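The values are calculated or read from the model by the stated rules, or taken from the named source; none is laboratory data. Worth saying up front: this structure is predicted, and the values here are computed from it rather than measured. Glycine gets a Cβ as well: all are built from the backbone with ideal geometry, and neighbour counts include every protein chain shown. Remember, those area values only see protein heavy atoms, side chains included, never the ligands or the DNA or RNA. Shrake-Rupley method; radii C 1.70, N 1.55, O 1.52, S 1.80 Å.
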Amino acid sequence: MRYQDIGVTGIYGPGMILVGVAIDAMEGPLVRLREVELIAQVPSQARAETAHLARREDATVRVNWSGDPEIAAWGVSMGTALE
């Protein structure tokens, strides 16, 4: 379900249970993971800072289906697209 006025998409599973949230980098709210800005910066910088944070906190970083970082322990999966 897309909430266009705030740049957020809710991803629901069976029984309409919220299982994920996608934030539009151009229209959505500011999102931080600890001190890392996930929105409003160059994707390569967000990837590098996220990987550094994960190493620092001994979390495993994998690559998701879109080739972007994913940290399952935190429930974070990033995704980027060309404008």
For T9 and V42, compute 0.36 nm times the residue count separating them, minus their Cα-Cα distance, and round to one decimal in nm.
-> 9.8 nm
In Å², rounded to a whole number, the accessible area per residue of the chain with probe 1.4 Å is 71 Å²
Give the residue from V19, A72, G7 lying farthest towards the positive end of the charge dipole for the chain; charges sit on Cβ (+1 for Lys and Arg, -1 for Asp and Glu) and the dipole is referred to the Cα centre.
-> A72
Please compute the net charge surrounding P69, taking Lys and Arg as +1 and Asp and Glu as -1 over other residues with Cβ under 13 Å from its Cβ.
-> 0
Accessible area (Å², 1.4 Å probe, nearest 10) - L18 = 100 Å²
Rounded to a whole %, the carbon-and-sulfur portion of the accessible area of the chain at a 1.4 Å probe is 57 percent
Taking a label point 7 Å from the Cα of S77 along the Cα→Cβ vector, which residues of region 38-65 have an amide N closer than 15 Å to it?
-> 61-65
For the chain, state which trypsin sites (Lys or Arg not before Pro) are in a DSSP loop and have at most 11 other beta carbons lying within 10 Å of their beta carbon.
-> R34
Magnitude of the Cβ-charge dipole of the chain, K/R +1 and D/E -1, about the Cα centre, nearest 20 debye?
-> 240 debye
Summing -39500 (n - 2.57) over every DSSP H run of at least 4 residues in the chain and dividing by its residue count gives a helix-only mean residue ellipticity at 222 nm, to the nearest 500 deg cm²/dmol, of -5500 deg cm²/dmol
